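Okay, structure first, notes after.
The values are calculated or read from the model by the stated rules, or taken from the named source; none is laboratory data. Computed from a predicted model, the values in this text were never measured in an experiment. Cβ atoms come from the backbone with ideal geometry, glycine included; neighbour counts cover every protein chain shown. SASA here: full protein model, heavy atoms, side chains in, ligands and nucleic acids out. Shrake-Rupley method; radii C 1.70, N 1.55, O 1.52, S 1.80 Å.
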Amino acid sequence: LRSIVTAVALTHTPLEAQFYVLDFGGGTFTPFRDLPHVASVAGRSEPDVVRRTVAEVTAIVNAREKYFRDKGIDTVETYRSRRTPGDPTGIDDGYGDVFLVIDGWTTLRSEFDDVEPLIQALAGRGLTFGLHVMLASGRWMDLRSQMKDVVGTRLELRLGDSLDSEVDRKVAQTVPANRPGRGLMPSRHHMLGALPRID
């Protein structure tokens, strides 16, 4: 997740992409707070901020749905092509592509069970309006089937037990151990994630 946030921050302006991060992975997103693309980083010790972040992203999607209807915009691709950031006479609702990043889905499910259905609803309808829900979990079985159904792109890092692989159990056994960033793509090809550093 940090590699994706880093890559988008290097290739897009803060007007084109905004990140809202729920960091349940031990504070690994703390250094990202100062990126101009990052609107907020909330951790497990800040339950009010977690809920406020989800409420804010929900409000963005609700407002954008109305904005698209009022402006005759059919898809987020149309919005991107017609958008002129900062131009009050043009198409611009103040947001680009919005990313809700959840590092530690299992923690969210166990400690913020009231938030899970809200995020599931956002994932189901948000992509049409430029909201991308990105999440990380230690095991595929931690995702309910309704959530799995709305996750479009999946990457599988090396698992503790290759039998848990949703890509291919035999190929999962060949992912090298003690090699950070190694994993599988849905095509069963090996992948290597980038180191999430901008310096």
(message) With 20 Å as the cut-off, how large is the P(r) tail for the range 120-199, expressed as percent of Cα-Cα pairs?
(response) 40 percent
(message) Ordering Leu1, Leu122 by accessible area with a probe of 1.4 Å, largest first, what comes out?
(response) Leu1, Leu122
(message) Give me, ordered by chain and number, the residues 5 or more places off Leu184 or on other chains with an amide H under 5 Å from its own placed amide H.
(response) Glu156, Leu157, Met191
(request) Collect residues whose amide H, placed 1.01 Å from N in the peptide plane, falls under 5 Å from the amide H of Ile91; neighbours closer than 5 in sequence don't count. (result) Thr84
(message) Helix 116-126 against the longest principal axis of the chain: what's the angle in degrees, Cα atoms only, rounded to the nearest 10?
(response) 60 degrees
(request) Please arrange Met134, Met147 by accessible surface area, largest first, computed with a 1.4 Å probe and ligands excluded. (result) Met134, Met147
(message) Students sometimes get this wrong: rank Ser45, Ser145, Ser40 by accessible area, probe 1.4 Å, all chains present, largest first.
(response) Ser45, Ser145, Ser40
(request) Just read off the accessible area of Asp34 with the full protein assembly in place, 1.4 Å probe, to the nearest 10 Å². (result) 140 Å²
(message) Over the Cα atoms, compute the radius of gyration (one decimal) and Dmax (the largest Cα-Cα distance, rounded to a whole number) for the range 1-90, in Å.
(response) 15.1, 44
(message) Given the whole protein assembly as supplied and a 1.4 Å probe, what does the accessible area of Arg179 come to in Å², nearest 10?
(response) 120 Å²
(message) Can you list residues from other chains, or at least 5 along the same chain, whose modelled amide H is less than 5 Å from the amide H of Val133?
(response) Leu100
(request) Mark the label point 7 Å from the Cα of Asp74 along Cα→Cβ and return the residues of the range 80-121 whose backbone N is within less than 16 Å of it. (result) 80-82
(request) With label points built 7 Å along Cα→Cβ from the Cα atoms of Trp140 and Asp199, find their separation and express it in nm. (result) 3.8 nm
(request) Take the chain, compute every pairwise Cα distance, and split them into 10 Å bins from 0; I just need the percent in each bin. (result) 8, 32, 35, 20, 4, 0
(request) Determine the per residue accessible area of the chain with all protein chains present and a 1.4 angstrom probe, expressed in square angstrom. (result) 55 Å²
(message) With a 1.4 Å probe and all protein chains kept in place, how much accessible area does Tyr20 have, in Å² rounded to the nearest 10?
(response) 10 Å²
